[in-house]
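J.: The structure follows.
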Amino acid sequence: MAVEKIALITGGGSGVGRSTALALAKAGWSVVVAGRRQEQLDGVVQELGTDKALGVATDVSDDASVQNLFAKIKERFGRLDLLFNNAGTFGRNALLEELTYDDWKAVVDANLTGSFLCTREAFKLMKDQDPQGGRIINNGSISAHVPRPNSIAYTATKHAVTGLTRSTSLDGRKYNIACGQIDIGNAASEMTKKMDGGVPQADGSIKPEPKIDAAHVADTIVHMASLPLDANVQFVTVMATKMPFIGRG
């Protein structure tokens with residue numbers, strides 16, 4: 001008898017998160033989607049068309065909210081096999097010298113603190129469940145490698161996510177927890193809609209950039225999640241072929 005596999009996707013109400021939820025459900029996973037808007041999550045759960053789905057309104061930057069999320073997962077499913085730390089925000093596009101403390105903190109809280117809090121709670125579940133272990137996949141972004149203009153908060157957090165991935169991968173070994181990172185370039189979503197009208201380039205120009213269907217990212221995550229826990233995709237980049245990443249600047 002096949003063991004039920006449980007996945008949690010933060011930022012699961014739209015974009016890459018929604019596409020990943022649909023792809024994992026199609027591959028036979030039971031899926032929990034978390035995000036700020038319950039109505040949006042309910043829509044995704046309805047799309048999944050299964051009684052093995054759950055939507056939980058969650059602010060990943062809030063410790064109590066994250067603990068509530070994982071308590072509901074434990075109560076409903078009893079275990080967790082995959083965490084996709086996908087929730088995040090670009091934040092306000094601004095000159096470095098004009099970025100406020102609140103602007104900075106909002107991005108750090110969502111992109112970095114949120115990923116840490118969910119990872120910590122996933123560790124607690126995964127190390128004590130039977131069979132032990134699980135997989136964590138972090139959404140790094142190509143900004144984990146190189147920045148866009150006027151994006152210091154986003155870029156700094158995504159570089160930090162790489163450190164989170166490496167430490168999680170190392171610290172998870174003793175619990176049979178694998179951790180990898182997917183660096184995404186220009187997946188079509190509400191967050192990347194503005195690229196159609198042009199975005200700032202390193203040379204000061206404004207140009208539109210090509211995008212890819214978020215389903216391609218989701219398919220990659222399904223592959224990563226399908227591996228046995230003794231195998232891991234540590235880092236992978238999925239991007240629009242002709243976007244200005246290679247040679248950026």
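The values are calculated or read from the model by the stated rules, or taken from the named source; none is laboratory data. Everything numeric here is computed off the predicted structure, so don't read it as measured data. Glycine gets a Cβ as well: all are built from the backbone with ideal geometry, and neighbour counts include every protein chain shown.
J.: Going through the range 24-40 one residue at a time, which ones are over 18 Å from ARG135 (Cβ atoms) and of a type in the set (Gly, Ala, Ser)?
T.: Hit for the range 24-40 is GLY35, nothing else.
J.: Something else: What about GLY185, is it of a type outside the set (D, E, K, R), surrounded by fewer than 15 Cβ atoms within 10 Å (Cβ to Cβ) and at pLDDT below 95? Lay out the reasoning, then the answer.
T.: Working: of a type outside the set (D, E, K, R): yes; surrounded by fewer than 15 Cβ atoms within 10 Å (Cβ to Cβ): no; at pLDDT below 95: yes.
No: the conditions fail for GLY185.
J.: Let me ask something else about it. Inspect all residues belonging to the range 233-241 and state whether any of them is closer than 23 Å to GLU4 by Cα, surrounded by 15 or more Cβ atoms within 10 Å (Cβ to Cβ), in contact (Cβ under 8 Å) with a residue 24 or more places away in the chain and polar (S, T, N, Q). Before you say what the answer is, go through the steps one by one.
T.: The initial filter retains those residues of the range 233-241 that are closer than 23 Å to GLU4 by Cα, namely 233.
In the following step, the residues that additionally are surrounded by 15 or more Cβ atoms within 10 Å (Cβ to Cβ) were identified as 233.
Now narrow it down to the ones that are in contact (Cβ under 8 Å) with a residue 24 or more places away in the chain: 233.
Filter once more, keeping what is polar (S, T, N, Q): none.
For the range 233-241, residues closer than 23 Å to GLU4 by Cα, surrounded by 15 or more Cβ atoms within 10 Å (Cβ to Cβ), in contact (Cβ under 8 Å) with a residue 24 or more places away in the chain and polar (S, T, N, Q): absent.
J.: Is there a residue in the range 10-33 that is surrounded by 18 or more Cβ atoms within 10 Å (Cβ to Cβ), touching a Gly at 6+ places or on another chain (Cβ under 9 Å), in contact (Cβ under 8 Å) with a residue 24 or more places away in the chain and of a type in the set (Lys, Arg)?
T.: Yes - at least one qualifying residue is present in the range 10-33.
J.: Here's a follow-up. Out of ASP183, ASP219, ASP203, I need the residue that is outside any helix (DSSP H, G or I), within 18 Å of the chain's Cα centre (by Cα) and not aliphatic (A, V, I, L, M). Which one?
T.: Numbers: ASP219 fails: outside any helix (DSSP H, G or I); ASP203 fails: within 18 Å of the chain's Cα centre (by Cα).
The match here is ASP183.
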